[in-house]
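Q: Next up is a structure, given as structure tokens.
Bear in mind that the values in this text are calculations on the coordinates, not laboratory data. Given the structure is predicted, the values throughout are model-derived calculations rather than measurements. Every residue, glycine among them, receives a Cβ derived from its backbone with ideal geometry; neighbour counts consider all protein chains shown.
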Amino acid sequence: MDSVIKNEKEIEIMRGLGKILSSILNDLEKMIKSGIDVWELEDSFLKMCKDYNVIPSCKNYSEGSLPPFPTGLCISINEQAVHCFPVKGTKLKEGDMVNIDTVINFNGLHVDSARCFPVGNINKNNIRLLRTTKNALHNSVLKVKDGVRLGLISNTIQKTVEKEGFNVLKDYAGHGIGYSMHEYPEIPCYGDKNDGPKIKEGMTICIESLVCEGKDDIENVSEWETKMKDDKNFCIFEHTVLVTKNGYEILTN
Ligand code: MF3
Ligand code: CO
């Protein structure tokens, strides 16, 4: 798949975008406290995109027969899972876990990243859930290198998560990224380390550590929004990563 290999010019743009997305997430993190309306996060995000002269990719994004995604941020709180959007009037409260997942683009190229944040003090199990999800992403990124099979990345996420007694989502996955938000290849959070295609130098991939506290069954709340069926918490960390000859470069750091 030659089309997914990025040239130096494209990589340079994605590198710049990745830095911007990372500082946007840092700024959003500073706003997270008990009592804040999630709409303020959305509002600030759209303003920051204007200031940086980048386009919020999620806003009005459409896929298949789905209606356009309404917001620039995906925000999910506690048992809410992927593709939930901020709704005006929803306030964060002490003990919540809030996931922010978003994508920006410039010159047609996209970068995608997600982080989970605690609101004030969260309970011990949630601290462990957050740490495990973050570690799973970290451990899997360490495996990235030209010629490595995707299964090794998937398997690393799964092993890290299951060792702690949590579960990975099976219905959603990471993905390649570039001129589209979702490109080849698909990167599941589970699998055998010897399975899957080999990744190549110059590919840009989004590794998504998609983790839940309980069972991995998900249900749709609307066309886009999902939640964990058992009402236990969901947690996500995601980075856009460039595959290099000898390893990786995290673009959204
Ligand atoms: N990281 C999410 C994904 O790859 C970003 C979704 S943006 C949305 O699915 F617009 F599709 F919601
Ligand atoms: Co993604």
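Q: With charges only on Cβ, +1 for K and R and -1 for D and E, what is the dipole size of the stretch 12-90 about its Cα centre, in debye, rounded to 20?
A: It comes to approximately 160 debye.
Q: Return the long-range amide H neighbours of E79 (sequence gap of 5 or more, or a different chain), with a cut-off of under 5 Å between placed amide H atoms.
A: Excluding prolines and chain starts, which carry no amide H, the hits are F234.
Q: Starting from the Cα-Cα distance between E201 and Y179, subtract it from 0.36 nm times their residue separation and give me the gain in nm to one decimal.
A: 6.2 nm
Q: Go through the stretch 30-78 and name the GluC sites (Glu not before Pro) that are in a DSSP coil and have 15 or fewer other Cβ atoms within 10 Å of their Cβ.
A: Sites meeting the loop and neighbour criteria: E63.
Q: Determine the dipole magnitude for the chain: charges of +1 sit on the beta-carbon of Lys and Arg, -1 on that of Asp and Glu, nothing else is charged, the reference point is the Cα centre, and the result goes in debye to the nearest 20.
A: The calculation lands at about 740 debye.
Q: Taking H as built 1.01 Å from N, whose amide H comes closer than 5 Å to the amide H of I104, not counting residues under 5 places away?
A: S57, V111
Q: So, in nm, how far is label K50 from label K145 when the simple model puts each one 7 Å beyond its Cα toward the Cβ?
A: Taking the simple label geometry, K50 and K145 are separated by 4.7 nm.
Q: Here's another thing I want to ask about it. How far apart, in nm, are two points set 7 Å out from the Cα along the Cα-to-Cβ line at N253 and at E223?
A: Distance between the two pseudo-spin positions: 3.9 nm.
Q: Are any of the pairs K33/K124; K134/K159; K19/K47; K59/K170; K59/K198 more than 22 Å apart by Cα-Cα distance, and if so, which?
A: Result: K59/K170; K59/K198 exceed 22 Å.
Q: Arranged from highest to lowest average of other beta-carbon atoms within 10 Å per residue, in what order do the peptides 140-150, 228-238 appear?
A: Highest to lowest by the protection proxy: 228-238, 140-150.
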